[in-house]
Amino acid sequence: MAANAPSILVIDDEQGILETLRILLKNEGFDVTIAQGGKAGLEQLKNSAPDIVLTDVKMPGVTGIEILSAVRGQDPETPVILMTAQASLQTAIQAVNEGAFYYIQKPFSNDDMVAICRRAAEHRRLRAENKQLKQEIRRRERSGQVKPLGKSRLFSDVMRLAEQVAPTESTVLIQGESGTGKEVIARYLHELSARAEGLFLSLNCGALPESLLESELFGHVKGSFTGAVRDKQGLFAAARGGTFFLDEIGEMSPATQVKLLRVLQEREAIPVGGTEAIPVDVRVVAATNRDLEEEIKRGRFRTDLYYRLNVINIHLPPLRDRREDIPIFVKEFLVHIAGERGEAPMARECARARECVGACRHPDEGRRHPALGDSGPDQRAQGGAARHRARAPEPVTRRDRAGVHHVGPAKRRGQQDPRGGGSRDRPVYAVPQAESLRRQREEVRFRAPTASRVIGLASRRWSSSPAPHATTAGCSIACAAGSAGGCSRSAQGSAISRRSSSSASASC
């Protein structure tokens with residue numbers, strides 16, 4: 001018998017018809033299974049999933065219409081052929097409404113029956129291929145949307161392994177330090193699997209106490225413990241047909257590990273306080289930041305559970321071992337933050353952002369770091385001058401004869417003001433002029449309107465005669481006026497003023 005031969009289940013209450021159809025269809029290349037009577041047909045359907053079902057309509061106990069409903073409930077894609085010796089318009093209409101593939105009247109010719117079965121097999125094959133192609137298209141679309149970031153060699157190896165094991169039903173254990181993206185890989189596995197249409201549920205095993213964790217995993221029945229006022233469905237049952245992600249599996253208590261082992265072995269779960277097992281149809285993906293082999297040596301983790309989970313092992317390297325991926329994270333974070341603000345990302349922040357993300361244990365920690373320019377809309381609107389005024393001044397104690405300020409503790413009460421203002425009752429604070437202008441030039445390098453305004457204010461502060469108000473067009477005029485003005489305090493101060501204003505003019 002060919003490996004790809006379509007399987008067919010023949011159900012009838014007459015043994016002679018069963019044997020005739022078995023021989024006929026087997027000679028035509030079908031894999032034939034027979035069942036005498038409707039009850040035997042239902043039992044056979046529970047144990048196998050045939051490609052085609054051929055059944056009689058009039059049978060004692062279970063009719064062909066009931067067989068049709070059972071097949072449609074199990075797999076709507078399975079074609080069902082009904083045959084009867086007592087054909088009527090009413091049964092034909094009912095068969096069509098129930099979704100029968102064909103309705104044939106006894107007695108029939110062998111050629112007609114073979115042709116109908118071949119047509120049903122081709123229909124089944126086309127529907128299966130169509131479904132598979134749709135799943136592949138959706139899988140490729142999702143893979144482009146949710147594919148984790150990274151192009152380094154280590155991360156490329158991880159992605160290649162994940163894409164190979166995603167279509168399978170194997171249990172996967174993801175290991176790596178905190179913040180390496182274990183849940184991101186788990187979701188990627190789900191989106192590329194045949195269970196992508198199902199749910200993706202996750203649970204942190206270390207976030208719940210043992211009693212509550214068991215209830216969340218397996219569910220409970222009413223009255224099983226104090227506060228159980230109604231039945232509760234567990235996450236294993238809720239994730240049926242999908243993927244269940246168990247994060248921090250190394251934090252699970254030994255008692256819960258035993259129950260999880262039974263779920264993985266027997267594919268069934270018993271709710272807390274219950275007696276009937278619930279079938280489990282989920283793919284399990286577990287993750288941990290611990291070395292489970294070391295935990296086994298210490299007696300904190302079961303060996304048999306480890307081997308049940310570690311069918312496929314994926315180890316995620318930390319970001320410090322794949323620094324070539326840092327620029328990718330930087331670009332993605334800048335684009336994301338700029339999109340939230342309705343702006344375009346600033347290229348001049350990339351170097352500082354790269355340093356920020358590289359210093360973070362988790363890449364996503366750097367999204368709101370000040371190095372990414374997250375100063376808020378108010379401060380951005382005010383410009384460099386607003387940030388300069390908001391900076392805390394530096395304390396000054398004295399100025400020597402050359403006019404250079406010395407930074408130190410605040411002046412005590414009754415001491416002379418180094419700027420010639422006599423004694424003061426409050427501490428004296430000032431910003432060194434040369435350092436102030438240097439900071440202003442750095443802050444306003446990319447902001448021409450703000451640059452002219454800030455340098456215009458600095459020119460008036462240093463010159464003995466008032467300088468004209470600086471605007472964007474008059475930036476060079478304000479700088480020239482500041483340079484031409486003489487300092488009334490000392491020749492050294494005038495020299496500092498000329499050097500600072502000429503540098504500011506160059507930056508404008």
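The values are calculated or read from the model by the stated rules, or taken from the named source; none is laboratory data. Just so we're clear, the structure is a prediction, and the values are computed from it rather than from any experiment. Virtual Cβ from ideal backbone geometry, glycine too; neighbours counted across all protein chains shown. Surface accessibility is based on the protein's heavy atoms, side chains included, excluding ligands, DNA and RNA. Shrake-Rupley method; radii C 1.70, N 1.55, O 1.52, S 1.80 Å.
Applying the criterion of being touching a Phe, Trp or Tyr at 6+ places or on another chain (Cβ under 7 Å) and part of a loop (DSSP other than H, G, I, E, B) to the residues of the stretch 234-271, the residue that is most open to solvent (accessible area, probe 1.4 Å) is 270.
If you filter the stretch 12-40 down to residues that are in contact with a Gly (Cβ under 9 Å, 6 or more places away or on another chain), in contact (Cβ under 8 Å) with a residue 24 or more places away in the chain and farther than 22 Å from residue 111 by Cβ, you find that the one that is surrounded by the most Cβ atoms within 10 Å (Cβ to Cβ) is 38. Quick check on my filter: what residues within the stretch 273-282 are touching an Asp or Glu at 6+ places or on another chain (Cβ under 6 Å) and in a strand (DSSP E or B)? If the condition is that a residue be touching an Asp or Glu at 6+ places or on another chain (Cβ under 6 Å) and in a strand (DSSP E or B), then 279 is the only one that fits. Within the span defined as the stretch 80-95, every residue fails to be among the β-branched types (Val, Ile, Thr), modelled with pLDDT of 90 or more and part of a loop (DSSP other than H, G, I, E, B). Within the stretch 181-194, one or more residues are touching a residue at least 60 places away in the same chain (Cβ under 8 Å) and hydroxyl-bearing (Ser, Thr, Tyr). Remark: residue 219 matches the filter, which requires a residue to be open to solvent by less than 10 Å² (accessible area, probe 1.4 Å) and not aliphatic (A, V, I, L, M). Does residue 150 qualify as being under 30 Å from residue 255 (Cα atoms) and either assigned to a loop (DSSP other than H, G, I, E, B) or in contact with a Cys (Cβ under 7 Å, 6 or more places away or on another chain) (or both)? Spelling it out, it is not the case that residue 150 is under 30 Å from residue 255 (Cα atoms) and either assigned to a loop (DSSP other than H, G, I, E, B) or in contact with a Cys (Cβ under 7 Å, 6 or more places away or on another chain) (or both).
Residue count for the stretch 1-31, restricted to those that are outside any helix (DSSP H, G or I) and over 15 Å from residue 121 (Cα atoms): 5. Out of curiosity, is residue 66 within 28 Å of residue 48 (Cα to Cα), at pLDDT 85 or above and touching a helix residue (DSSP H, G or I) at 6+ places or on another chain (Cβ under 7 Å)? Taking the combined requirement at face value, the residue satisfies it.
Yes or no, residue by residue, for (1) exposed (fewer than 15 other Cβ atoms within 10 Å of the Cβ); (2) under 30 Å from residue 165 (Cα atoms):
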| site | (1), (2) |
| --- | --- |
| 298 | yes, no |
| 305 | no, yes |
| 319 | no, yes |
| 330 | no, yes |
| 334 | no, no |
| 337 | no, no |
| 344 | yes, no |
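Of all residues in the stretch 283-305, those that are assigned to a helix (DSSP H, G or I) and in contact (Cβ under 8 Å) with a residue 60 or more places away in the chain total 1. Answer yes if at least one residue in the stretch 105-128 is more than 26 Å from residue 24 (Cα to Cα) and either in contact with a His (Cβ under 8 Å, 6 or more places away or on another chain) or outside any helix (DSSP H, G or I) (or both), and no otherwise. No, because not a single residue in the stretch 105-128 is more than 26 Å from residue 24 (Cα to Cα) and either in contact with a His (Cβ under 8 Å, 6 or more places away or on another chain) or outside any helix (DSSP H, G or I) (or both). The single condition among (1) within 23 Å of residue 15 (Cβ to Cβ); (2) open to solvent by 20 Å² or more (accessible area, probe 1.4 Å) that residue 67 does not meet is (2). Checking each residue in the stretch 223-239 for being under 16 Å from residue 270 (Cβ atoms) and of a type in the set (Lys, Arg) picks out only 232.
Could you list all residues from the stretch 307-317 that are assigned to a helix (DSSP H, G or I) and open to solvent by 90 Å² or more (accessible area, probe 1.4 Å)? Within the stretch 307-317, 307, 308 qualify.
Within the stretch 224-244, the residues that satisfy the criterion of being at pLDDT below 85 and small (Gly, Ala, Ser) are 224, 227, 228. The single residue among 364, 291 that is open to solvent by 60 Å² or more (accessible area, probe 1.4 Å), under 30 Å from residue 235 (Cα atoms) and at pLDDT below 90 turns out to be 364.
Just to verify a result, which residue in the stretch 196-207, among those that are farther than 20 Å from residue 173 by Cβ and surrounded by fewer than 16 Cβ atoms within 10 Å (Cβ to Cβ), is nearest to the chain's Cα centre (by Cα)? Only one residue fits best here, namely 199. Beta carbons closer than 6 Å, at least 6 apart along the sequence or on distinct chains, pair a first residue in the stretch 323-338 that is without any contact (Cβ under 8 Å) to a residue 40 or more places away in the chain with a second that is of a type in the set (A, V, I, L, M) and surrounded by 15 or more Cβ atoms within 10 Å (Cβ to Cβ) for 326/357; 330/353; 330/357. Count of the stretch 272-288 residues, restricted to those that are more than 19 Å from residue 198 (Cβ to Cβ), surrounded by 14 or more Cβ atoms within 10 Å (Cβ to Cβ) and of a type outside the set (A, V, I, L, M), is 3. Out of the residues in the stretch 161-176 that are in a strand (DSSP E or B) and of a type in the set (A, V, I, L, M, F, W, C), which is surrounded by the fewest Cβ atoms within 10 Å (Cβ to Cβ)? Among residues in the stretch 161-176 that are in a strand (DSSP E or B) and of a type in the set (A, V, I, L, M, F, W, C), the one surrounded by the fewest Cβ atoms within 10 Å (Cβ to Cβ) is 173. Criterion applied to 114, 53 was being open to solvent by less than 50 Å² (accessible area, probe 1.4 Å), modelled with pLDDT of 90 or more and touching a strand residue (DSSP E or B) at 6+ places or on another chain (Cβ under 7 Å), and the one residue passing it is 53. Do you know which of the residues in the stretch 199-223 that are within 18 Å of residue 263 (Cβ to Cβ), assigned to a loop (DSSP other than H, G, I, E, B) and touching an Asp or Glu at 6+ places or on another chain (Cβ under 9 Å) is modelled with the highest pLDDT? In this case the residue turns out to be 205.
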